[in-house]
């Protein structure tokens, strides 16, 4: 799929088909977020892949009862590795760069999923301590995004966007 077509096809989907994702597609999605740019090429993030129904049910509770998480065949939890980034960039690395690294990787995962004919949604509303417990994250990793991925069982209509002129300001 052509890149700009991928951007147009990516929509937030919260209803998934009861259909497993092919191993090859998940490998390509993983390869895509692995290639995401990161501060100092440190790749200061960890990604937990959740397929277990029990763990997905726990994530539903941690994510303020967003029940669609349990219906996605795969849920990716992106965590910032603050320690890795702090080794090179001190406090700014821990507090900002590691967060940026994890969020860029999550965005790449969403675009790769769209390119594979899959759908996803960015989940940011959750209890980070509870998510850390569920995935057994190291103390220096901070969950920043939960991305459920699957075949869509709905196709939401594109939502109205702000005008580009309201967002982009040229400074000459």
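Each value in this text was obtained by applying a stated rule to the coordinates, not by laboratory testing. All of these numbers come straight from a predicted model, not from anything done at the bench. Every residue, glycine among them, receives a Cβ derived from its backbone with ideal geometry; neighbour counts consider all protein chains shown.
So what is the relative contact order for the chain, in percent, with contacts set as C-alpha pairs under 8 Å and at least six apart?
Across the chain, relative contact order equals 33 percent.
Once you order the gyration tensor axes a ≥ b ≥ c over the Cα atoms, which shape class does segment 86-172 get: rounded for a/c under 1.5, otherwise prolate or oblate by comparing a/b with b/c? Before the final figure, lay out each step's value.
Details: a/c = 2.29, a/b = 1.18, b/c = 1.94.
Oblate shape, in that a/c is at least 1.5 and b/c is the bigger or equal ratio.
According to the square roots a ≥ b ≥ c of the eigenvalues of the Cα gyration tensor, what is the shape class of segment 1-63, taking rounded for a/c under 1.5, prolate for a/b larger than b/c otherwise, and oblate for the remainder?
Oblate, because a/c is 1.5 or more while a/b does not exceed b/c.
With a ≥ b ≥ c taken as the square roots of the eigenvalues of the C-alpha gyration tensor of the chain, please select rounded if a/c is under 1.5 and otherwise prolate if a/b is larger than b/c or oblate if it is not? Each step should come with its number before you reach the end.
Details: a/c = 1.58, a/b = 1.07, b/c = 1.47.
Note, shape of the chain comes out oblate.
Based on the Cβ-Cβ distance from residue 164 to residue 23, what FRET efficiency comes out when R0 is 35 Å, to the nearest 0.05?
FRET efficiency, residue 164 to residue 23: 0.35.
With r as the distance between the Cβ atoms of residue 129 and residue 54 and R0 = 22 Å, compute the FRET efficiency 1/(1 + (r/R0)^6) and round to 0.05.
0.70
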